[in-house]
1. Once the piece of chain linking residue 22 and residue 36 is laid out straight, how much longer is it, given 0.36 nm per residue of separation minus the C-alpha distance between them?
2. Can you give me the long-range amide H partners of residue 55? Hydrogens built in the peptide plane at 1.01 Å from N, cutoff under 5 Å, separation of 5 or more residues or another chain.
3. Please give, to one decimal in nm, the separation of the simple spin-label points placed at residue 68 and residue 49, each 7 Å out from Cα toward the Cβ.
Amino acid sequence: MSFVATIRLHLRFSAMKPVLSIVVPCRNESHYIQGVLQSLFAQESVPGEFEVIVVDGMSEDGTRELVDD
């Protein structure tokens, strides 16, 4: 069985190299993914830059489209 993933990077603040990477694996999470991403980007306790990597496991419910917006 193979796993196909789509990876999308988001950088907070500027294009500097991030000091922290947060990986969010998801599949068919259209009801939750926007809230998860909003919560992550609202964090202020992380010093410096960070990136959020969303790994989509072939969602069929529009999750990828929501992340792309």
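FYI, it's all coordinate maths here, none of it is from the lab. Owing to the predicted nature of the structure, the values given are computational and were not obtained by experimental measurement. Methodologically, a virtual Cβ is constructed for each residue, glycine included, from the backbone with ideal geometry; neighbour enumeration extends over all protein chains shown.
1. Numbers: separation 14, 0.36 × 14 = 5.04 nm, distance 1.16 nm.
Using 0.36 nm per residue and subtracting the Cα-Cα distance, I get 3.9 nm.
2. 24, 26
3. 2.6
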